[in-house]
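The values are calculated or read from the model by the stated rules, or taken from the named source; none is laboratory data. No experiment lies behind these values; they were computed from the predicted model shown. Counting neighbours? That spans all protein chains shown, and the Cβs are built from the backbone with ideal geometry, glycine included. Ligands, DNA and RNA are excluded from the accessible area calculation, which covers all protein heavy atoms including side chains. Shrake-Rupley method; radii C 1.70, N 1.55, O 1.52, S 1.80 Å.
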Amino acid sequence: MSTLLQVRDLVMTYGTGEAATRVLRGLSLRLEAGEMAALLGPSGAGKSTLLTILGTLMKPTSGSYEMLGQDMISADDRALTDFRNAHIGFVFQFHNLLPDFTALENVIFPTAVREGRETPAARRRGRDLLVRMGLADRIDFPTANLSGGQKQRVAVARALMNGPELVLADEPTGNLDRASAMQVMDLIGEINREEGTTFLISTHDEKIAAACRRQIEVGDGVVTG
Amino acid sequence: MLYALKIATRYLTTNKAQTALLITGVAVGVFIFIFMSALIGGLAEFILSRTVGDLSHVTIEAEDPDPPLLIAPAGHVLTVTERGRTRNATLAEAETWLPLIEAVPGVRAVSPQIAGAGFLTRGAQVSQVSVTGVMPGRESAILDLDGYIVEGSARLGSGLIVLGRDLADDLSLSLGQTVRLQSSGGVTALLTLSGIFETGNGAMDGARAFVSLPVARTLFAMPQGVTRIEIKLDDLNAADATALRIRALTGLDAVPWTDGAEQLREALNAQAQTGYFLKTFALITIVIGVASALMLSTYRRRPEIGIMRAMGAGRNFVVFVFVAQGALIGLMGGVMGAALGYVALLPFPSRDAFEPGTLPMDITQGSYGLAITLTVIGAVLASILPARAASRVDPVTAIGQ
């Protein structure tokens, strides 16, 4: 396996002066392509901050971050936006779908925003993904009419739309019942196996963590295990 | 950008009631803009047509020659006669110039005239009059004599005279009766009253007499030439330029109506300025309305903007989504307001059919295209601030991760 991303000595401090809070304290981590890893740790350990930095949504106070051989720290906002669109998918705890759009429209958003329009090819891929997520009968449903589990599966389909190398999932099952949670995890595992997409999943759930091949423990702003 | 337009449209159609209210607000602003344009424009046209419409737009008058300078030899005394009020100068070659002037673009009618003073006598009654000799067939070329005729006809011919209502009443004259007209030069003619006009202007109705040009030639002993040429234009606002052109073409002293009409022009300018202010306020209202509505929308949609940014939407994409919303609101509100304005102005009589007691609205001066264009531009400008604010939304805080 090749190295997908590597971070070294990441430091992230929120605020300044006496109010400054150091969340990451020199965290280093390497992910190989095709890995399916769980990010474990207590609340406030820095899991979400790490995912946000890896997702190029935020830059660390100091440290280095390389993904696919590119320096993510020196890249400007425009370059990071394009990179994120092409190579990184997100699955959030609260699905974060666009409420005024249908399931299909949500799924094809990353491609449409890149192409400037909804192409027939994007629609085909969006439909295929939704069928694969078991939502064939919900393709043109407004997302407001979907259940929590269905919404999260739409979110997974959206994260996969542009065929990213990395999908970052922050408590993807934290808001779901056990059955829905396992259904989502099964789908993620299947995609990881079949397409080689790398998943980094932040979770408190031991069973979810056990479903991943690697467990990364974070504590007090560094990787502890 | 087609996709950004789709998202903008979706945002507008999702909350139909709010969007409808916003568009209606913009439409009301545009309606006021159009209504004010039609009113101010119509009022200006009305005032001009009532004050200048019956006057010559460009006038060529013969210039009196300067009196010769006499140098008194030593030991002699010179006597000087002051210039009289009666104009003796003539445009001797007027006939030559007429076709040339008529061919000038924008010239609607040309009326060569002989003007002078005289006395009308009937029995023991005598009235001083201003006599105008006009070419038969061109009686209404400048003053709409046909339109003001209340009895008889405006048609002038040999031995005929047309008088104002007040003058005819003063002399107890009725149609077909004869009156004696003596010119300032002492020539007398017996003329038959063929028409009575009433303009509403006391000076005109009480002291003006129209005769044919041949009659005037006899009265003022002017076998050739005329004392002035009056010119009516299609657009009275083009008088300055046309007068210059005629002056350049003929070398004659063509004077536009605007010379000596500074007060009227100032009044019209002040009125136009008032209109500009009102229209500007209407536009400002539109801009503030659109800006505040979009600012609210930006705040409400912060999480969605964050999601879009996380999914790879650039700042420009977000800006375009909100600017497109502003443009669509401006366009729809502008078109709706323009349509409302047009429909509201339809019942008002046209400029030509204006009736006293109604507002002098001019539906053709609604500035519909300008109103829509300015509204779209204003709405786009109004949306830039909210759009920029939206593009700067931090996806991390907006999503709550």
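The numbered conditions (1) at the interface with chain B (Cβ under 9 Å from one of its Cβ atoms); (2) open to solvent by 10 Å² or more (accessible area, probe 1.4 Å) are all true for A:F101 except (2). State whether one or more residues within segment B:294-316 are within 22 Å of B:G366 (Cβ to Cβ), of a type outside the set (F, W, Y), touching a residue at least 24 places away in the same chain (Cβ under 8 Å) and touching a helix residue (DSSP H, G or I) at 6+ places or on another chain (Cβ under 9 Å). Looking through segment B:294-316, none of the residues is within 22 Å of B:G366 (Cβ to Cβ), of a type outside the set (F, W, Y), touching a residue at least 24 places away in the same chain (Cβ under 8 Å) and touching a helix residue (DSSP H, G or I) at 6+ places or on another chain (Cβ under 9 Å). Tell me, yes or no, whether segment A:82-104 has at least one residue that is basic (K, R) and over 27 Å from A:R22 (Cα atoms). The answer is no, given that none of the residues of segment A:82-104 is basic (K, R) and over 27 Å from A:R22 (Cα atoms). Kindly evaluate B:V126 against the criterion of being among the β-branched types (V, I, T), touching a strand residue (DSSP E or B) at 6+ places or on another chain (Cβ under 8 Å) and loosely packed, with under 15 Cβ neighbours inside 10 Å. When the stated conditions are applied, B:V126 passes them.
The selection criterion, being among the hydroxyl-bearing types (S, T, Y) and over 27 Å from the mean Cα position of the chain (by Cα), does not hold for B:S140.
For A:E206, the conditions (1) touching a helix residue (DSSP H, G or I) at 6+ places or on another chain (Cβ under 8 Å); (2) open to solvent by 80 Å² or more (accessible area, probe 1.4 Å) all hold with the exception of (1). Scanning segment A:174-182 turns up at least one residue that is within 24 Å of A:S43 (Cα to Cα), surrounded by fewer than 22 Cβ atoms within 10 Å (Cβ to Cβ) and within 14 Å of chain B (Cβ to nearest Cβ). Here B:I399 fulfils each of the conditions (1) within 14 Å of chain A (Cβ to nearest Cβ); (2) open to solvent by less than 40 Å² (accessible area, probe 1.4 Å); (3) at pLDDT 90 or above apart from (3). Would you please name the residue that is farthest from B:F317 (Cα to Cα), looking only at residues in segment A:130-139 that are touching a residue at least 24 places away in the same chain (Cβ under 8 Å) and surrounded by fewer than 23 Cβ atoms within 10 Å (Cβ to Cβ)? Taking the candidates together, the pick is A:G134.
Across segment B:112-153, the number of residues qualifying as farther than 30 Å from B:L252 by Cα, of a type in the set (A, V, I, L, M, F, W, C) and part of a strand (DSSP E or B) comes to 5.
One residue stands out among those in segment A:42-76 that are small (G, A, S), under 22 Å from A:A211 (Cβ atoms) and open to solvent by 20 Å² or more (accessible area, probe 1.4 Å): the one that is farthest from the other protein chains (Cβ to nearest Cβ), which is A:S43. Condition check for A:R30 on (1) assigned to a helix (DSSP H, G or I); (2) within 19 Å of the chain's Cα centre (by Cα): one failure, at (1). Every condition in (1) modelled with pLDDT under 90; (2) open to solvent by 10 Å² or more (accessible area, probe 1.4 Å) is met by B:G275 except one, and the failing one is (2).
Those strands (runs of 3 or more DSSP E) of segment A:161-225 in which at least 1 residues are under 26 Å from A:T111 (Cα atoms) and acidic (D, E), considering only elements entirely within it, cover A:166-170.
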